[in-house]
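In what follows, a single structure is set out as structure tokens and then discussed.
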Amino acid sequence: MSDFVLPETHYALSGDVNIAYQVMGDGPVDLVLVPGLISHVEYLHELPGYTAALRRLSRFARVVTFDKRGQGLSDRMSGAPSLEQRMDDVRVVMDSIGSARAILIGFSEGAAMSVLFAATYPERVPHLVLVGAWVRASVPDDVWREFLERAVKAWGTGQVLKPVFKSQATNADAVAQLAKLERFSSSPGTLRTYLTLNRQIDVSSILPQLRIPTLVLHRRTDAQVNVAIGREIAEQIPGARYIEYPDGDHAFWTGDIESLLLDIEEFVTGHRDSALPDLERVRATVLFTDIVDSTQRAAQMGDEKWRKLLDQHDRVAGQMVENHRGKLVKSTGDGILATFDGPGRGVKCALSFGAAARQIGLPLRAGLHAGEIEVRGRVMAQSGSNEVLVSRVVTDLVAGAGLKFSERGSFELKGLPGRWDLFAASM
């Protein structure tokens, strides 16, 4: 939305090293995202889906991101900091924002650091979430040296991060962004130092000792960290809850992320914020459709033929929504209102429904938005015949899901503040 302002970068002093961090939201609980191998708290907002994911989490929490020492906007340093030193960076960031207790979300390499912090300061970590996690090096000795040299040589070209964003590996523009992220996060020499250090990481012996409610999340198609590692981690942590998703990248903010974020919210707060309180306001992906020129078509066809065609329309609508795991809230006479727990499924449903409706001679227009809005079809009202329009929030959330979007412009939507960027969706 046009009134959103990116969070400011602040610094916390850890010994003599300045740690860069950002804070988003003001919820009753604190979430600290512990990053993987690389990070850059400001440039990551340039990547599709990242900001939207943090905003979604900030609905119920104060969300904190930071760059580990030697990376991103934190101080560069000579030598390799130990895992204990890096772990202390979490503590100083929490102290800097006045956080006595915080849920840690350890992503990728950040899982090991999170596990160590939770075991060291259990009184400060009420819940632990591990996403795409690994806790010990897994590259075999006989290929390690070749792997290291290849990674350092390719650093800054985007090639190293391709497995992290596998769905974007053939997208030249996306790879250019990843190349920039690599360069912004660290130098090739720093990468060599960190990879060498990470090879020594092994906190697996700590896992059985954890007595903190833990949620382990992993995607079956993770090309960076094999799903078997996530399963093994969950098995070793007493009472851990494990959830596996059928598809998606290693980077947790890409693709269909709504289910993952809802699972985190439920684990942290005890409820999922996807239920409809009423038909006027929703917190989900909302699809609104109608038949183009329905009044004129009804007059031309006559009541009986028109009613039979509408019945066929409603049957197709119900089938399409069910096929895409949505909820058909109501029929509006010449359209539908449906909700989805994932924006990618909502967009694909709209496109499939439009194609099926054309086969029975009914041109549709559709609009989608993800977030809390009044449901009156305002996005749809800008849509043309046989067109699916979505808000920018939807495009951010479905990045990497195989959908294409073209800009339609910025609009003032009746009854809603500001201007809204809208996009036409296609497969």
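The values are calculated or read from the model by the stated rules, or taken from the named source; none is laboratory data. What you are looking at is a predicted structure, and each value in this text was computed from that prediction instead of being measured. Neighbour counts are summed over all protein chains in view; Cβ atoms, including those assigned to glycine, are modelled from backbone coordinates with ideal geometry. All accessible areas refer to the heavy atoms of the entire protein, side chains included, with ligands and DNA or RNA removed. Shrake-Rupley method; radii C 1.70, N 1.55, O 1.52, S 1.80 Å.
Structure notes:
- For the stretch 100-149, the set of residues classified as open to solvent by 60 Å² or more (accessible area, probe 1.4 Å) and assigned to a strand (DSSP E or B) consists of Arg136 only.
- Output for the stretch 12-26, where each listed residue is open to solvent by 20 Å² or more (accessible area, probe 1.4 Å), closer than 16 Å to Met94 by Cα and not β-branched (Val, Ile, Thr): Leu13, Gly15, Asn18, Gly25, Asp26
- Flag if Ala350 is in a helix (DSSP H, G or I), surrounded by 19 or more Cβ atoms within 10 Å (Cβ to Cβ), aliphatic (A, V, I, L, M) and at pLDDT 70 or above: yes
- Considering the conditions (1) part of a loop (DSSP other than H, G, I, E, B); (2) at pLDDT below 90, Thr157 is excluded by exactly one of them, (2).
- The stretch 299-331, subset part of a strand (DSSP E or B) and of a type in the set (Gly, Ala, Ser), residue most open to solvent (accessible area, probe 1.4 Å): Ser331
- Matching residues, the stretch 219-245, being touching a strand residue (DSSP E or B) at 6+ places or on another chain (Cβ under 7 Å), closer than 15 Å to Ser108 by Cβ and assigned to a helix (DSSP H, G or I): Val227, Gly230, Ile233
- For Leu215, the conditions (1) within 22 Å of Val34 (Cβ to Cβ); (2) within 22 Å of the chain's Cα centre (by Cα); (3) in a helix (DSSP H, G or I) all hold with the exception of (3).
- Number of the exception - Ala357 against (1) farther than 30 Å from Met301 by Cα; (2) modelled with pLDDT of 75 or more: (1)
- Being surrounded by fewer than 22 Cβ atoms within 10 Å (Cβ to Cβ), modelled with pLDDT of 95 or more and of a type in the set (S, T, N, Q) holds for only one residue in Gln296, Gln236, and it is Gln236.
- Checking each residue in the stretch 48-64 for being outside any helix (DSSP H, G or I), farther than 18 Å from Ile97 by Cα and open to solvent by 10 Å² or more (accessible area, probe 1.4 Å) picks out Pro48, Arg59.
- In summary, Gly400 fulfils each of the numbered conditions (1) on the phi > 0 side of the Ramachandran plot; (2) at pLDDT below 65; (3) touching a strand residue (DSSP E or B) at 6+ places or on another chain (Cβ under 8 Å); (4) of a type outside the set (D, E, K, R) with the single exception of condition (3).
- Whichever residue in the stretch 162-196 is among the aromatic types (Phe, Trp, Tyr) and assigned to a helix (DSSP H, G or I) and, among such residues, is most open to solvent (accessible area, probe 1.4 Å): Phe184
- The set of residues in the stretch 7-47 that are over 14 Å from Ile97 (Cα atoms), part of a loop (DSSP other than H, G, I, E, B) and touching a Ser or Thr at 6+ places or on another chain (Cβ under 7 Å) comprises Gly36, Leu37, Ile38, Ser39, His40, Val41, Glu42.
- Between Gln177, Gln200, the distinction of being at pLDDT below 90, more than 16 Å from the chain's Cα centre (by Cα) and not hydroxyl-bearing (Ser, Thr, Tyr) belongs to Gln200 only.
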